[in-house]
């Protein structure tokens, strides 16, 4: 039905076919001196009808409550990195809305996740991260082994109605992917690799298992988690929000892809100006401009006859090798320069490549529809000498600049430009009198994909009339 509707539209009205005047990303990448691996060249755009998003869905308690009841309890989410729980008994918490889940290393090769609630009268068993031989409720002393089996209680004689075998801690589903621990509170959910296809297939070329958290920062932001997250699903805002980048970061010829119901991707080419700027930027100027991203000691004089991308890719290889003690010689030019950002529904971003080695996570903060906990991890390859230290999370005060967080002196400049927008977007959405938010067909296809999937999940899990979530 949807295909027939599109086929019957006049060319100037047909949805999802408009593109910038520049060349597709694959044209750039195929011409690189060191060509990219196959997943980078894969194209998977699909227009998605999603034109009825109510501005109130970004701020209403009713929308938040629907998500708390039906989204988070049924979706795969990134809980932590394996390096957060390196030893047997190490545990940490993943919390969102009313969910509190203990992530624990049970043995060298086994990680489990338990709902953080005593089966007696509900007291939380764990507060924060730590190491334990078993979990014990501080209220009455009920205890559980690391494998979730019941260890014991005081006054066992006074509970004849239950067997020890009935008192195992309720578990969430666990998957290990790319060095991350993924959890889903729904034990009947499909496996993560099926849910997040083709993530595993693609990241076989960009393994994240051999990376570590070099820097990690978080901040509570005065905006809904969807408001914040959606700012990172498109590059349409780059020209207005990050104007200092447009001469070298092509915001108009990005590749936008949708892979199944739960995964999408953006690729933004670097050192390839958008078509309107091509006549105003020569290769040597471009090369000199981009290499300023590197530390001063890694910059070199630019040859007059330089081919910017190939020359810059080599500069980045050499600089990264010096700083991060890793061999980048086999990585493509695209992996060294471009932005490859994958999104896994509902709230996890993983970046391939090396220029922006990030992972993002967004969650509602304290059941407040107008506040978000935003986290950014910088993931660098484990050095060849094996010597590294996992960074502790640096908690920025609300409103504090991201450039003040350790390791974010460069990336924080861009993040702070985004932060300047977000509270204003939230205030504007609350003040809106228009009935729906407008999304573009191509550059904001990932927002369409995300909001369409969110509405589907609420409908599937809640059995309610389709909501404009």
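Since every read-out is calculated from the coordinates, none of them should be taken as a lab result. Because the structure is a prediction, the values reported are computed rather than measured. Here Cβ is always computed from backbone atoms with ideal geometry, including for glycine, and neighbour counts include all displayed protein chains.
Here are a few things to note about the model shown:
- Within the stretch 281-313, backbone nitrogen closer than 17 Å to the virtual label 7 Å beyond the Cα of residue 31 toward Cβ: 281-287, 305-313
- Our note on the geometry: Cα centres of the stretch 215-266 and the stretch 425-455, 14 Å apart.
- Extension gain for the segment residue 282 to residue 209, taken as residue separation times 0.36 nm less the Cα-Cα distance, is 22.4 nm to one decimal.
- Neighbour-count ranking [beta-carbon atoms within 10 angstrom, fewest first] of 30, 112: 30, 112
- FRET E, pair residue 389, residue 131, Förster distance 30 Å, beta-carbon r, rounded to 0.05: 0.95
- Protection-proxy order for peptides 385-398, 230-243, 272-285, each taking the mean of Cβ atoms within 10 Å per residue, highest first: 230-243, 272-285, 385-398
- Computed on the stretch 86-166, with alpha-carbon pairs under 8 angstrom and 6+ residues apart, the relative contact order is 21 percent.
- Over the chain, Cα pairs under 8 Å with separation of 6+ residues give a relative contact order of 22 percent.
- Principal semi-axes in Å for the chain [√(5λ), Cα gyration tensor, largest first]: 40, 29, 20
- Whether the stretch 1-134 is rounded, prolate or oblate, judged on the alpha carbon gyration tensor where a/c under 1.5 counts as rounded: oblate
- Axis angle, to the nearest 10 degrees, between helix 308-324 and the longest C-alpha principal axis of the chain: 40 degrees.
- Stretchable slack from residue 325 to residue 140, in nm (0.36 nm times residue separation minus alpha-carbon distance): 61.5 nm
- Full extension of the segment from residue 95 to residue 49, taken as 0.36 nm per residue of separation minus the current Cα-Cα distance, would add 13.3 nm.
- Taking a ≥ b ≥ c as the square roots of the eigenvalues of the Cα gyration tensor, an a/c ratio of 1.5 or more together with a/b larger than b/c marks the stretch 77-192 as prolate.
- Computed from label points 7 Å out along Cα-Cβ, the spacing between residue 121 and residue 62 is 3.8 nm.
- Mean residue ellipticity at 222 nm, helices only, the chain: -6500 deg cm²/dmol; runs of at least 4 DSSP H residues each add -39,500 (n - 2.57), and the sum is divided by the number of residues.
- Put the Cα centre of the stretch 17-68 next to the Cα centre of the stretch 153-194 and the gap is 35 Å.
- Residue 187 versus residue 200: modelled label distance in nm, points set 7 Å from Cα along the beta carbon direction: 2.2 nm
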